[in-house]
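The values are calculated or read from the model by the stated rules, or taken from the named source; none is laboratory data. Nothing here was measured: the structure is a model prediction, and the numbers come from that model. In this analysis, Cβ positions are derived from the backbone assuming ideal geometry, glycine residues included, and neighbour counts consider all displayed protein chains. We work out accessible area using only protein heavy atoms, side chains counted, and drop any ligands, DNA or RNA first. Shrake-Rupley method; radii C 1.70, N 1.55, O 1.52, S 1.80 Å.
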Amino acid sequence: MNYAAGVQCVAKCSNKKPKPGELAYRKGHILTIVETSVRKGYYKARHNTTGEEGLINANNVREREALRVDPSLSLMPWFHGKISGPEAVIKLHPPEDGLFLVRESIRHPGDYVLCVSFSGEVFHYRVIYQDNKLTIDYKQYFYNLIDMIEFYSKNNDSIVTTLTKPKKKQGTKSAEVELSKTGWLLDITKLTLGENIGEGEFGAVYRGEYMGQKVAVKIIKCDVTAQAFLQETAVMTKLQHKNLVRLLGVILNKGLHIVTELMNKGNLGNFLRTRGRSIINSAQLLRFALGVCEGMEYLESKKLVHRDLAARNVLVSDDSEAKVSDFGLTKVDSKESDKAKLPIKWTAPEALMKEKFSTKSDVWSYGVLLWEIFSYGRQPYPKMSLKEVKEQVEAGYRMEAPEDCPADVYSLMRLCWEQEPRRRPGFPRLREKLEQEMAKRSPRPEAAHRGEITSGSRS
Ligand code: ADP
């Protein structure tokens, strides 16, 4: 098995007495491949906990396991929803000091109750929800239940005993345990948080450093949203491709921290708008288009449908590689969806009307993304309302070519916007066409302007 640089592996056995130049590790430790061609049968790797680098024997590691996308995976396995006090008492039987659960208060809607077993009795603490915060004693305040449970697992200031054992709701699996077993749980003490670099719909994104590696950290504070993002994270654990934003792991602390590789040049839409034609040449536009296409081809090979492909969800790395991100709507199956959330200007007609999502509906969105790329980040269907777009596209209207867009690239957009999904090309075909388009240009990529864009061949 050959692993590429950046791949995270689990040690199959220990190397407690490393020879000079070798890395010390124990069975189960997570190691990141740094370089592949240092010595035959060896990789240079970095230890995810100690941060040390050294050689490892290729036979001693296996690729880190993906987390199963499993709706029963829960960040709050101790949360039992709306059950009564007496029901909670039954659930906390047989008694055990520190055994606990959280339920929704029936008498005070919006509030919660923390139920703890101690000395053969069950104690019920009302958790008051006030000004977007939670409190039991009006002294300690928490943003969410996860935080609160974490705090009372270490302190027993206002409660009878520290929380030691969650009473799991039937049918749930602890996300923390699963993340830790599969090696995706990172250590908060190794993370240094930097400045805020973006605001998503559900959480802020920060620059950071995790054991010497530059990272981006999305922090999701709301319990329910964090739970929803867990599925996105599980999808990401399966994916390793140079054109998909790579997940490094998650941290469970004050909500959910999703740690990914840092994409220093931000999202593609902003990148193109803020630089424009004078800085970015058409060869670079093609490279972006091809990069996204390769990422999508890989996603297609994994039978995953993205559902929200758009320039705002493509990020640009330091070396100007475009990578697809935001797998929030990504689903293995293509049935259920939340209609209200669909990005109308990017969504294929059959997906909008009949909720038929497929790789071919991703291809439609890819066509819109191509339009965004070649118009340097303009809003698609300029000056048209969402209602107009929906009606007119259904009636056969298609966007015109962006200014100075190569005719062959516009033809590709039109193919992506075939009404009939079957008639749209797949991503492998689109990639071939884009490669031909690249080859037609000068054998050497056009020189970068003002040193903004790295020239040279794509790696
Ligand atoms: P949304 O919730 O709108 O889908 P995100 O929360 O994923 O958006 O990201 C919001 C913004 O934060 C992005 O548009 C981008 O500018 C920045 N961002 C997100 N992830 C990264 C990353 N890995 N590296 C650099 N910037 C990022």
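Within segment 202-210, does at least one residue satisfy the condition of being modelled with pLDDT of 90 or more, open to solvent by less than 80 Å² (accessible area, probe 1.4 Å), in contact with a Phe, Trp or Tyr (Cβ under 8 Å, 6 or more places away or on another chain) and more than 9 Å from the ligand (Cβ to nearest atom)? No, the conditions are met nowhere in segment 202-210. Each residue in segment 241-256 was checked for being in contact with a Lys or Arg (Cβ under 7 Å, 6 or more places away or on another chain), more than 16 Å from Asp326 (Cβ to Cβ) and modelled with pLDDT of 85 or more, and 0 of them qualify. Residues in segment 363-378 include none that are open to solvent by 10 Å² or more (accessible area, probe 1.4 Å), of a type in the set (Val, Ile, Thr) and more than 22 Å from Phe271 (Cβ to Cβ).
Residues of segment 249-286 that are over 26 Å from Ser375 (Cβ atoms) and within 10 Å of the ligand (Cβ to nearest atom): Ile258, Val259, Thr260, Glu261, Leu262. Screening the candidates Val324, Val292, Val316, Val332 for the property of being at pLDDT below 95 and touching a Leu at 6+ places or on another chain (Cβ under 8 Å) yields one hit, Val332.
When the criteria are applied in full, Val122 meets the requirement of being in contact with a strand residue (DSSP E or B) (Cβ under 6 Å, 6 or more places away or on another chain), open to solvent by less than 60 Å² (accessible area, probe 1.4 Å), without any contact (Cβ under 8 Å) to a residue 40 or more places away in the chain and not polar (S, T, N, Q). Whenever a residue of segment 64-75 is under 13 Å from Thr233 (Cβ atoms) and β-branched (Val, Ile, Thr), its partners that are open to solvent by 40 Å² or more (accessible area, probe 1.4 Å) and assigned to a loop (DSSP other than H, G, I, E, B), lying with C-beta atoms within less than 7 angstrom and at least six residues away or across chains, give the pairs Val69/Val332. Of all residues in segment 364-377, none that is assigned to a helix (DSSP H, G or I) has its Cβ atom under 6 Å from the Cβ atom of a residue that is surrounded by 24 or more Cβ atoms within 10 Å (Cβ to Cβ) and at pLDDT below 95, 6 or more apart or on another chain.
Identification of strands (runs of 3 or more DSSP E) wholly contained in segment 250-324 with 2 or more residues that are more than 30 Å from Ile149 (Cα to Cα) and open to solvent by less than 20 Å² (accessible area, probe 1.4 Å) yields 314-316, 322-324. Out of the residues in segment 188-201 that are of a type in the set (S, T, N, Q) and assigned to a strand (DSSP E or B), state the one that is surrounded by the most Cβ atoms within 10 Å (Cβ to Cβ). Out of the qualifying residues, it is Thr192. I'm checking my understanding of the structure. Among residues of segment 50-68 that are at pLDDT 90 or above and in contact with a Gly (Cβ under 8 Å, 6 or more places away or on another chain), which one is surrounded by the fewest Cβ atoms within 10 Å (Cβ to Cβ)? Of everything passing the filter in segment 50-68, Asn59 is surrounded by the fewest Cβ atoms within 10 Å (Cβ to Cβ).
Could you tell me whether Val177 is within 30 Å of His93 (Cα to Cα), within 16 Å of the ligand (Cβ to nearest atom) and assigned to a helix (DSSP H, G or I)? In short, no. Output yes when any residue across segment 223-243 is within 14 Å of the ligand (Cβ to nearest atom), within 22 Å of Gly81 (Cβ to Cβ) and either in the same structural domain as Val292 (by TED's automatic domain parsing) or crowded, with 20+ Cβ neighbours inside 10 Å (or both), and no when none is. Yes, segment 223-243 contains at least one residue that is within 14 Å of the ligand (Cβ to nearest atom), within 22 Å of Gly81 (Cβ to Cβ) and either in the same structural domain as Val292 (by TED's automatic domain parsing) or crowded, with 20+ Cβ neighbours inside 10 Å (or both).
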